[in-house]
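The values are calculated or read from the model by the stated rules, or taken from the named source; none is laboratory data. Computed from a predicted model, the values in this text were never measured in an experiment. FYI the Cβ positions are ideal-geometry reconstructions off the backbone, even for glycines, and counts take in every protein chain you see.
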Amino acid sequence: MRKVTKTIKKVIIFMNDNIPLVKVAMPSRDVLMPSLEEVLYSSMIGEGEAVYEFERSFSKKFALNHVVAVNSGTAALHIAFLLAGVKANSEVITTSMTAEPTNTTILNIGAKPIFADVEASNGNICPDSIKQRISDETKAICVVHYAGYPVDIRAIRKIADEHSIPLIEDCAHALGASVDGKPVGSFGDFAIFSFQAIKHITTVDGGVLVVKNEAQLQEAKQLRWFGLTKGVPRDQVDIVQAGFKYNMNNVTATFGLAQLESVDALLLAHMENGKYFDEMFLDMSGVSPAKIYDNSSGSYWLYTLLSDSADEIQKALAEIGVESSKLHRPNHLHTVFFSDKTHLPNLDRFYSRLLHLPCGWWLKKRDRERIVETVRGAVLK
């Protein structure tokens with residue numbers, strides 16, 4: 001009986017030591033629950049002052065102007081495409097190495113995703129490949145700061161300006177990342193952030209749209225609320241463009257306001273873990289850290305490791321209870337996007353070597369050390 005008890009204890013310890021790839025970050029109960037209870041019983045749980053306060057607070061915290069809070073990052077992206085002038089039969093130059101909603105949103109408008117290749121060193125969209133795919137039908141360029149690693153945004157901004165094409169930054173993975181000391185999301189004509197459950201911070205679900213041109217701000221707010229203008233009596237308002245039910249509500253905004261109180265510590269933990277892995281893997285035989293450009297600072301939503309032994313590393317990590325994954329399937333491989341004309345050799349190379357490791361606030365020092373030692377052992381086999 002004593003032997004069985006010891007075995008059970010070992011199993012419980014192993015289970016408790018399991019390290020997920022992603023994890024929901026919730027604010028302190030003492031911070032969240034009183035404010036949440038207040039809004040729940042305030043009789044105003046739809047879009048109201050809490051939403052507008054979240055917009056102001058997010059804007060101030062991340063130095064981003066003209067912020068519109070919505071119910072998902074996908075909703076923000078849809079509005080961004082429409083404001084950029086994307087319509088049925090338009091072409092949008094985009095990346096295949098992303099979560100699918102980046103590109104299904106383009107299809108939902110009736111437009112066509114044109115997949116540019118990526119940098120094999122980090123999976124981010126390649127400026128030269130963007131240039132090669134510009135046509136008379138190109139109405140927008142959409143870039144994704146994949147896994148929290150900033151794209152070469154200066155080069156891409158230059159291309160967009162030279163061809164007078166709106167630039168959209170998908171920053172769903174990259175809250176807190178920066179280029180030349182400026183936050184991601186401040187370079188595009190539009191930018192979106194996601195607060196879906198497993199992102200750096202969550203509002204349960206939600207997102208924001210950042211609009212560079214203040215003249216388009218009112219239209220963005222109308223598009224998030226059926227085309228209606230808030231504050232105008234419903235019997236007097238005039239809809240000039242059909243909008244959507246994309247607004248954030250006071251309940252999820254209250255989550256967001258509580259999250260902003262602790263966001264610095266959350267982001268710092270991701271960044272410190274990412275930099276630790278960069279240092280440990282830099283000179284390790286058989287692996288390479290994904291590239292972060294000299295002028296950039298990543299937010300390491302996930303850690304991106306590259307290795308010809310990716311499968312062996314994943315199996316070794318699983319044996320010690322650490323989850324790792326390629327996470328996303330290249331979008332162009334899905335039937336809904338598939339074209340036999342799509343040729344992305346750099347993406348093929350990147351994806352074959354890709355393995356995402358946990359990098360978030362839940363990692364302890366010993367967890368990081370175990371991960372590094374396990375990777376080392378797997379590539380030396």
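Looking at Lys381, is it in contact with an Asp or Glu (Cβ under 7 Å, 6 or more places away or on another chain), of a type outside the set (Ser, Thr, Tyr) and either surrounded by fewer than 19 Cβ atoms within 10 Å (Cβ to Cβ) or not assigned by TED's automatic domain parsing to the domain that holds Val144 (or both)?
Details: in contact with an Asp or Glu (Cβ under 7 Å, 6 or more places away or on another chain): yes; of a type outside the set (Ser, Thr, Tyr): yes; either surrounded by fewer than 19 Cβ atoms within 10 Å (Cβ to Cβ) or not assigned by TED's automatic domain parsing to the domain that holds Val144 (or both): yes.
Yes: the conditions hold for Lys381.
Is at least one residue of region 225-247 in a helix (DSSP H, G or I) and over 21 Å from the mean Cα position of the chain (by Cα)?
The answer is no; no qualifying residue exists.
Just checking, which of Phe277, Phe244, Phe255 is in contact (Cβ under 8 Å) with a residue 12 or more places away in the chain, of a type in the set (Phe, Trp, Tyr) and within 21 Å of Gly377 (Cβ to Cβ)? Full working, then the answer.
Working: Phe244 fails: within 21 Å of Gly377 (Cβ to Cβ); Phe255 fails: within 21 Å of Gly377 (Cβ to Cβ).
When all the criteria are applied, what remains is Phe277.
For region 124-171, enumerate the residues that are farther than 22 Å from Asp278 by Cα and of a type in the set (Val, Ile, Thr).
Ile130, Ile134, Thr138, Ile141, Val143, Ile156, Ile159, Ile165, Ile168
For Ser352, all conditions in the list (1) free of Cβ contacts under 8 Å to residues at least 40 places away in the same chain; (2) under 30 Å from Phe115 (Cα atoms) hold save one; what is the number of the exception?
(1)
Of the residues that make up region 164-181, is at least one among the hydrophobic types (A, V, I, L, M, F, W, C), touching an Asp or Glu at 6+ places or on another chain (Cβ under 6 Å) and either at pLDDT 95 or above or over 25 Å from Asp128 (Cβ atoms) (or both)?
Within region 164-181, one or more residues are among the hydrophobic types (A, V, I, L, M, F, W, C), touching an Asp or Glu at 6+ places or on another chain (Cβ under 6 Å) and either at pLDDT 95 or above or over 25 Å from Asp128 (Cβ atoms) (or both).
Could you list all residues from region 289-315 that are touching a Phe, Trp or Tyr at 6+ places or on another chain (Cβ under 9 Å) and free of Cβ contacts under 8 Å to residues at least 40 places away in the same chain?
Pro289
Does Asp161 satisfy the criteria of being free of Cβ contacts under 8 Å to residues at least 24 places away in the same chain and farther than 10 Å from Gly73 by Cβ?
So Asp161 fits the description; yes.
Give region 235-261 a look and list any residue that's modelled with pLDDT of 95 or more, farther than 17 Å from Lys221 by Cβ and not β-branched (Val, Ile, Thr), or say none.
Phe255, Gly256, Leu257, Ala258, Gln259, Leu260, Glu261
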